[in-house]
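Here is the structure we will look at.
None of the figures in this text is laboratory data; all of them are computed from the coordinates on show. In this text the structure is predicted, and so the values were computed from the model without any measurement. In this analysis, Cβ positions are derived from the backbone assuming ideal geometry, glycine residues included, and neighbour counts consider all displayed protein chains.
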Amino acid sequence: MEEIIAKKYAYALIGIYNKDKAKIQEITRLLSEVSQAFCIERFQDIIHSPYIPKAKKREFLLSLFNDQQDLKGFIELLIQNNRVEILPFVAHILEKYVRSVENNYKAILYAPRNLDSSTIANIAQNLSKKLGIHLSIEQSSSKIDGIRLSVEDLGVEISFLKKRFFEDLRSHILRVI
């Protein structure tokens, strides 16, 4: 539900700053930094506390956006509509938009052990050339018996699983016999 509401606010920001690429990148960076504060329990307590007056919360949130008059109006709107919690979702949507405009995407590589940087660079280069994009790869350890690469923004997933390989090999041998 929050993501749906956040999309409307994010697309409004995109609509306003559509022509100014540098401004939308700056806003995205600022909102991403502030959205990290939502992971801190004490910050959450301050935002949701019924004992702290709304004016103090407003002042506190606006202090996070020092010189950004444009964002102060946006934050005021979120406070007025009691939608401050959607700020991380708005930041995430704006990050995806900036990456798509720049044709720069992030992939996550799941493997049982970490691969060396030259292998990751080679995978990124070959996949970037194949998809016609710029790709950066993050590694994540997992307990799967194989390798899986996921580019969430594009809906692309490539996997090589040991179990699946043996199943395909077995079925191929049985077909031949």
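Values computed for the structure shown
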read-out: Förster-model FRET efficiency, 25 Å R0, residue 20 and residue 62, C-beta, rounded to 0.05; value: 0.65
read-out: Between 0 and 90°, nearest 10: helix 69-80 axis offset from the chain longest Cα axis; value: 90 degrees
read-out: Along each principal axis, Cα extent of the stretch 81-177, largest first, Å; value: 68, 31, 25
read-out: Values of log10 I(q)/I(0), in the order q = 0.17, 0.28 Å⁻¹, for the stretch 29-83 under a Debye, Cα-only, solvent-free model; value: -0.53, -1.37
read-out: DSSP-defined beta bridges in the stretch 62-176 - what % are antiparallel, rounded to 5; value: 55 percent
read-out: Point-to-point label distance, residue 130-residue 41, nm (Cα→Cβ direction, 7 Å offset); value: 4.4 nm
read-out: Residue (of 101, 136, 60) at the positive-pole extreme of the stretch 53-156, dipole from beta-carbon charges; value: 60
read-out: Overall dimensions of the stretch 118-162 by Cα: Rg and Dmax, Å; value: 10.9, 31
read-out: Against the rule of thumb 2.2 N^0.38 Å, how large the Cα Rg of the stretch 45-133 comes out; value: 1.66
read-out: Electrostatic dipole magnitude of the stretch 69-143 [Cβ: Lys, Arg +1; Asp, Glu -1; Cα centre; debye, to 20]; value: 340 debye
read-out: Extension gain, residue 51 back to residue 5 (0.36 nm per residue minus Cα-Cα distance, nm); value: 13.9 nm
read-out: Sparse-neighbourhood loop sites, trypsin sites (Lys or Arg not before Pro) in the stretch 81-177 - DSSP loop, at most 14 other Cβ within 10 angstrom; value: 113, 143
read-out: Lysines whose Cα lies under 24 Å from that of residue 21, excluding same-chain neighbours fewer than 8 positions away; value: 7, 8, 72, 96, 106
read-out: Filtered chymotrypsin sites (Phe, Trp or Tyr not before Pro), the stretch 1-80: DSSP coil and at most 16 other beta carbons within 10 Å; value: 51
read-out: Approximate spin-label separation residue 140-residue 121, in nm, with each point projected 7 Å along Cα-to-Cβ; value: 2.5 nm
read-out: The chain: radius of gyration over Cα atoms, expressed as a fraction of 2.2 N^0.38 Å; value: 1.39
